[in-house]
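First comes the structure, then the notes that go with it.
The values are calculated or read from the model by the stated rules, or taken from the named source; none is laboratory data. Not measured: the values here are computed from a predicted model. Cβ placement follows ideal geometry from the backbone for every residue including glycine, while neighbour counts extend to all protein chains displayed. Heavy atoms of the whole protein, side chains included, go into the accessibility calculation; ligands, DNA and RNA do not. Shrake-Rupley method; radii C 1.70, N 1.55, O 1.52, S 1.80 Å.
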Amino acid sequence: MDKVNWKFDNTYSKLSKSFRELIKPTPVHKPEIIIFNYQLAKDLNLDFSKVSNDELSNIFSGNDLPKESQTLAQAYAGHQFGHFTMLGDGRAVLLGEHLDSKKNRYDIQFKGSGRTSFSRGGDGRAALGPMLREYLISEAIHSLNIPTTRSLAVVKTGEKVVRENLLEGAILTRIASSHIRVGTFQYIAATQNIENLNTLVDYTINRHYPELISSKFKAYDLLNKVIERQCSLVTNWMRVGFIHGVMNTDNMSVSGETIDYGPCAFMDYYDPKTVFSSIDKFGRYAFSNQPPITKWNLARFAECIVPLIDKSEDYAIKLATDLIDNFQNIYEEKWLKMMRNKLGLFGEDKNDKKLITDLLDWMKKNKADYTNTFCHLMDIRSNDDIYKKTNFLAWIDKWKKRSDLNNSSKENQIKLMKLNNPIVIPRNHKVEEALTDADKGNLDKIMKLLNILKDPYSSQDITSEYHLPAPKSSKKYQTFCGT
Ligand code: AMP
Ligand code: MG
């Protein structure tokens, strides 16, 4: 398969046994390629144009492994809903790291590829619906200009998986800048092997923060950088109304990419308490809890590397605590900037925060759609009666007065808003509709949705079903963990 131009350079497999188990994917019965992301392949400098569907099916099911791959399951731990557990890739294998033409390094991973020593009671497999869901939403998040793992392929295995019902089995090929999670650090820290911990810090810096290679305070600087990237990531989620749904520490990448699309969904009517995941009974991962949970996860990360921050434990804890405590300030600053961008406000005014929270309060009280309210402010789809209410018009007056301080043209204001406010997002009912059809073998709707979501910031000639939330009468939307 050299014709596709794989350039594997596998570094994770060279780490000691504590980090991974070398294991092959379990071959599948009758693989069939369902979706392949030719554009992403091209961006990775891979050429599948001369590869038949049969060959694609065999490659991306793991039945025909690329020669230079060295498959392994990664060890990691995690706080799942606050409870610490030793985990690891129980249904995934890393094929290795592929280098593109600019020497950017990408993990190529199969999800749903069979049992490993980390599978615990699980079957090591994944169902078609959740894998297509990850493909769809991860690609949508990418097009929204938010860092994320990507999806290259989904293959049906031709085998059934046993869940509540019998479902079609599938394997997703996931592309990530790495799969190093907060939970990876937790796993190594739990083994209390300081040499391995040092190795992991160095490895992470080499891969994601090369500017720190010659730092004298690597662990401290790494913590600082990871805080910064995670803070930017969660600010981006808040910008587009994305609810990750399962922000366990094992689902938080130290590279700052969105990872592990299970029960995630986009908020429609604005309510900071929105939760879609059926297992999130107490709203731990509700929309407005995402920033404080990010901070909580970062504190778990900090605990892992405390021994490397300073020889004096007390002093190391103080340094780490100061950085973590500063999360709130960094977030507040990023959030304000992000919301100003959404409202097309240049510069800063002392009343900006009040102006923003007044709008959010209004949206909550009036059950206004988060995405469409900002569209209305950009003069797109402006005919909903809700925006004719006097209390909204009073807010608009204040917004216009503040906009007068912009020292910039109306065109520039709208330009800034259009860069920050999506016009179309993956609407929950449209996602479900597409997945239901896909499960029956009809991919038309998922293909159409994928196509629309490629360009979320421009007005497209699409029917209202793609930009309206599900009718209020329809039953509460619930998502389930992607197993
Ligand atoms: P996730 O909910 O996908 O983030 O997975 C949490 C943990 O459960 C990870 O260690 C997974 O590898 C493991 N896991 C999830 N589903 C399965 C499965 N079907 N078989 C084995 N392990 C699984
Ligand atoms: Mg996970």
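List the pairs whose first member sits in segment 208-231 and is acidic (D, E), whose second member is assigned to a helix (DSSP H, G or I), and whose Cβ atoms are under 6 Å apart, counting only residues at least 6 apart or on separate chains?
These pairs meet every condition: D221/L212.
Would it be correct to say that K273 is out of contact with any strand residue (DSSP E or B) (no Cβ under 6 Å at 6 or more places or on another chain), outside any helix (DSSP H, G or I) and either within 15 Å of ligand 1 (Cβ to nearest atom) or within 26 Å of L359 (Cβ to Cβ) (or both)?
Yes: the conditions hold for K273.
Mind checking which strands (runs of 3 or more DSSP E) fall wholly inside segment 44-140 and carry at least 1 residues that are open to solvent by 50 Å² or more (accessible area, probe 1.4 Å)?
Result: 77-80, 83-86, 105-111.
Which one is farthest from E159 (Cα to Cα) among residues in segment 1-43 that are loosely packed, with under 15 Cβ neighbours inside 10 Å and polar (S, T, N, Q)?
Checking each candidate, the answer is S16.
Could you please find all residues in segment 229-254 being in a loop (DSSP other than H, G, I, E, B) and away from ligand 2 (no atom under 15 Å from the Cβ)?
Selection gives G241 alone.
Condition check ((1) among the hydrophobic types (A, V, I, L, M, F, W, C); (2) surrounded by fewer than 13 Cβ atoms within 10 Å (Cβ to Cβ); (3) outside any loop (DSSP other than H, G, I, E, B)) across all residues:
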| site | (1), (2), (3) |
| --- | --- |
| K430 | no, no, yes |
| A434 | yes, no, yes |
| I446 | yes, no, yes |
| E465 | no, yes, yes |
| Y477 | no, no, no |
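Does segment 155-168 contain at least one residue that is within 22 Å of Y76 (Cα to Cα), touching a residue at least 12 places away in the same chain (Cβ under 8 Å) and outside the structural domain of G245 (by TED's automatic domain parsing)?
no
In the set I324, I330, I279, which member is within 16 Å of ligand 2 (Cβ to nearest atom) and open to solvent by 10 Å² or more (accessible area, probe 1.4 Å)?
Of the residues listed, the single one that is within 16 Å of ligand 2 (Cβ to nearest atom) and open to solvent by 10 Å² or more (accessible area, probe 1.4 Å) is I279.
T371 fails exactly one of the following numbered conditions: (1) part of a loop (DSSP other than H, G, I, E, B); (2) in contact with a strand residue (DSSP E or B) (Cβ under 9 Å, 6 or more places away or on another chain). What is the number of that condition?
Of the numbered conditions (1) part of a loop (DSSP other than H, G, I, E, B); (2) in contact with a strand residue (DSSP E or B) (Cβ under 9 Å, 6 or more places away or on another chain), the odd one out for T371 is (1).
So, I146, is that one more than 9 Å from ligand 1 (Cβ to nearest atom), in a loop (DSSP other than H, G, I, E, B) and not acidic (D, E) or not?
So I146 fits the description; yes.
Here's a check for you: in segment 248-265, which residue that is more than 27 Å from P210 (Cβ to Cβ) and surrounded by 24 or more Cβ atoms within 10 Å (Cβ to Cβ) is farthest from ligand 1 (Cβ to nearest atom)?
A265
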